[in-house]
Structure formats: structure tokens, C-alpha cells
Amino acid sequence: HVQLVESGGGSVQAGGSLRLSCQISGYPNRPNYMAWFRQSTGGEREAVADLDHYGFSHFAKSVKGRFTISKDNTENILYLQMNDLKAEDTAMYYCAAGWRIARTAWHDVDDYMNWGQGTQVTVS
């Protein structure tokens, strides 16, 4: 069975940086796409960035230019590099993976079949 485990969260001052990691294992086939979502206290889960098997990515407007997404195919790790962090970036960050051939939209939560437990990011 598929497992996704996030790490790298923590507390950081505004303007600082963090790199989140997502270790994926237990899959018979590589995911067609993976993404990072986040959910603030009392808020709804929103897509932050994704990366598909072609190497294409998308970013939420709120993080574009500050965040980058990448993967290590040898170690099966998905990364989210977060720079120039702001207070509004404070949230629980989740890693997700999907295997659809065609997605409804990169940010549609229904297109992601497996999720990690999340890692907390707090910016002050």
C-alpha cells in the first residue's frame, strides 16, 4: 500500500526559508502527479503546487515566485522549497499523489488518491 510521509516543517521568522520533504513508498507504479496542499486553522484545504510526470508544475498565486517544487526520482522524495515566508503561509502542509491519466484540474483534491499526515509550518 502507498504511504506518504512529510517532514521539514517548523517555526521560522518572516522572510526565512524552509524545505519540506515527502517520502513516498509502497506503490506498484509511480504517481502520475504529486502536489502540496495546505490548510490553515479554521480554513479550507488549498493547493499550493503540483508536479506531474512530464515535469510540469503549477503554483498558487499566493506563493508563485517564492516556492518551488521538485522531486528526487532515485530516493522517491517530493520537495517544496519555500522562500521569503510570510505569516499567511502558516498552515499544515500535506503531500498528495494521484494516478489519473487526465485530471479535472491540478488543484482538485478529488484527483489525489493518497495523502500524508501533514507537517506544520508556522511563520512569525
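Using the Kirkwood radius over Cα pairs, work out the Stokes-Einstein diffusion coefficient for the chain at 10 °C and 1.306 mPa s, in µm²/s as a whole number.
In µm²/s, the coefficient rounds to 110.
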Peptides 25-36, 63-74 ordered by average Cβ neighbours within 10 Å, highest first: 25-36, 63-74
Residue-by-residue Karplus 3J(HN,Hα) for the stretch 98-107, coefficients 6.51, -1.76, 1.60, Hz, glycine and proline x: x, 10, 5, 6, 10, 9, 6, 6, 5, 9
For the stretch 4-19, Karplus couplings with θ = phi - 60° (6.51, -1.76, 1.60), whole Hz, Gly/Pro x: 10, 10, 8, 7, x, x, x, 9, 8, 6, 4, x, x, 9, 9, 10
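As an exercise, identify the GluC sites (Glu not before Pro) in the stretch 1-83 lying in DSSP coil whose Cβ has no more than 13 other Cβ atoms within 10 Å.
On the way: sites: Glu6, Glu44, Glu46, Glu75; in loops: Glu44, Glu75.
For GluC sites (Glu not before Pro) across the stretch 1-83 that sit outside H, G, I, E and B with at most 13 neighbouring Cβ atoms in 10 Å, the list reads Glu44, Glu75.
Tally up the carbon and sulfur contribution to the accessible surface of the chain as a whole percent, 1.4 Å probe, everything protein left in place.
The nonpolar share, carbon plus sulfur, comes to 48 percent.
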Pairwise label distance in nanometres, Arg100 with Thr74, each label 7 Å out on the Cα-Cβ vector: 3.4
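For the stretch 1-117, what does the accessible surface come to per residue with a 1.4 Å probe? Please give it in Å².
Details: 6490 Å² over 117 residues.
Here the per-residue accessible area is 55 Å².
The values are calculated or read from the model by the stated rules, or taken from the named source; none is laboratory data. As the structure is a computational prediction, the values presented were derived from the model and not from experiment. Neighbour counts are summed over all protein chains in view; Cβ atoms, including those assigned to glycine, are modelled from backbone coordinates with ideal geometry. Protein only, heavy atoms only, side chains kept; ligands, DNA and RNA dropped before computing areas. Shrake-Rupley method; radii C 1.70, N 1.55, O 1.52, S 1.80 Å.
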